[in-house]
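Coordinate-derived values only; no laboratory data. All figures in this text were calculated on a predicted structure; none of them were measured in a lab. Positions of Cβ are generated from backbone atoms using ideal geometry, with glycine treated the same way; all protein chains shown enter the neighbour counts.
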Ligand SMILES: [Zn+2]
């Protein structure tokens, strides 16, 4: 596994009938893709409810997430956001360390998406 190569992820897994077409594909880093696996839903740690994961083709990032003040953590703002942060372990130590370097060099967090 390498950080430099992105994976082409099926948002709805092929095993669940997801098609190999633009609307169902996104670029994912290897860690997120591995943690996502076959998941389509996950538990919101705040409410305990199972909710659909964030879909980068249908959902707006800024509605569901924001960056922490120092830019190292992704904060889930909604049930879907919180469940996605937890399920994909978006705040894993490697990601936080990388974001810390990017923030220090002024290229992170992104100004718009
Ligand atoms: Zn990732």
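Using only Cα atoms, locate the centre of the range 76-113 and the centre of the range 46-72, then give the distance between them in Å, rounded to an integer.
10
If the chain between residue 67 and residue 25 were fully stretched, how many nm would it gain, using 0.36 nm times the residue separation less the Cα-Cα distance?
Additional length available on full extension: 12.7 nm.
Once you've got the GNM for the chain with C-alpha springs shorter than 10 Å, pick whichever of 22, 65, 31 has the biggest mean-square fluctuation.
Top of the fluctuation ranking is 22.
Between residue 98 and residue 60, what FRET efficiency follows from the Cβ-Cβ distance if R0 is 22 Å, with the result rounded to 0.05?
Efficiency at R0 = 22 Å is approximately 0.40.
Assuming 0.36 nm per residue, please report the length gained on full extension of the stretch residue 8 to residue 107 beyond their Cα-Cα distance.
Gain in length upon complete extension: 33.2 nm.
Express the relative contact order of the chain as a whole percentage, based on alpha carbon pairs under 8 Å and six or more residues apart in sequence.
20
Taking the chain as a Gaussian network, Cα atoms linked when under 10 Å apart, which of 74, 11, 94 shows the biggest mean-square fluctuation?
94
Between residue 52 and residue 16, what length comes free when the chain is fully extended (0.36 nm per residue of separation minus the Cα-Cα distance, one decimal in nm)?
Contour length minus Cα-Cα distance gives 11.6 nm.
Is it possible to state the helix-based mean residue ellipticity at 222 nm for the chain, with each DSSP H run of 4+ residues giving -39500 (n - 2.57), the sum divided by total residues, to the nearest 500 deg cm²/dmol? What is it?
-7500 deg cm²/dmol
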